[in-house]
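The values are calculated or read from the model by the stated rules, or taken from the named source; none is laboratory data. It should be emphasised that the depicted structure is a prediction, and the values quoted were computed from it without experimental measurement. All Cβ positions, even for glycine, are placed from backbone atoms using ideal geometry, and neighbour counts span all protein chains on display.
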Amino acid sequence: MKLNQLSDNPGATKGKKRIGRGPGSGMGKMGGRGIKGQKSRSGVAIKGYEGGQMPLYQRLPKRGFNKPNRKTFAVINLGLIQKFIDAGKIDIKSDITEEALVASGALRRVKDGVRVLAKGEFSAKANIVVTGASAGAVEAVEKAGGKVTVTATPKAAAAE
């Protein structure tokens, strides 16, 4: 068998419909758009239009609110910090700060601060200095013999 002898199964492929190419094509003259009217013309986009009636998306009430000055935190799990400590990328002799986490590659950027969560195993005796930490994360670090210092006030962190 040669490349020029290869062919698809009969009926497996279908030709593209060529619209507006004469009466013999079966899609000539108006090209399947009917006669006159807005939809027969080019450049028409009337997706949500309901013939003058108030569209559904405008009849439904607006819900929710997006706080314009909300804070977004970079989130990191204790398991990931432990993994980087085991790999030797984070030094536990000095404090583990937000800058140290970024420098090691554990985080891409700090955003409005770093929040530590308790997912994963943590066994290193380390001092962690971050903007926020969950209660479970603080408990896990203290259980391992370390300490978590939260730089943001609890009230400010709760409001954000």
> Among the residues of segment 95-137, how many are over 15 Å from Lys83 (Cβ atoms) and without any contact (Cβ under 8 Å) to a residue 24 or more places away in the chain?
Replying inline: 7
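When you scan segment 1-109 for helices (runs of 4 or more DSSP H) that lie fully inside it, which ones turn up with 2 or more residues that are closer than 30 Å to Asn127 by Cβ and modelled with pLDDT of 90 or more?
On the way: elements: 56-59, 78-86, 98-104.
So the answer is 78-86, 98-104.
Restrict the check to segment 52-65 and report whether at least one residue is over 21 Å from Gly132 (Cβ atoms), basic (Lys, Arg), exposed (fewer than 10 other Cβ atoms within 10 Å of the Cβ) and within 27 Å of the chain's Cα centre (by Cα).
First, the residues of segment 52-65 that are over 21 Å from Gly132 (Cβ atoms): 52-65.
Checking the rest, the ones that are also basic (Lys, Arg) come to 59, 62-63.
So of that shortlist, the ones also exposed (fewer than 10 other Cβ atoms within 10 Å of the Cβ) come out as 59, 62-63.
Now drop any that are not within 27 Å of the chain's Cα centre (by Cα), which leaves 62-63.
Yes - at least one qualifying residue is present in segment 52-65.
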> Mind checking whether some residue in segment 28-49 is at negative phi and touching a Ser or Thr at 6+ places or on another chain (Cβ under 8 Å)?
Replying inline: yes
>> With the structure loaded, tell me whether Ile19 is on the phi < 0 side of the Ramachandran plot, surrounded by 11 or more Cβ atoms within 10 Å (Cβ to Cβ), of a type in the set (A, V, I, L, M) and without any contact (Cβ under 8 Å) to a residue 60 or more places away in the chain or whether it fails that test.
In response: yes
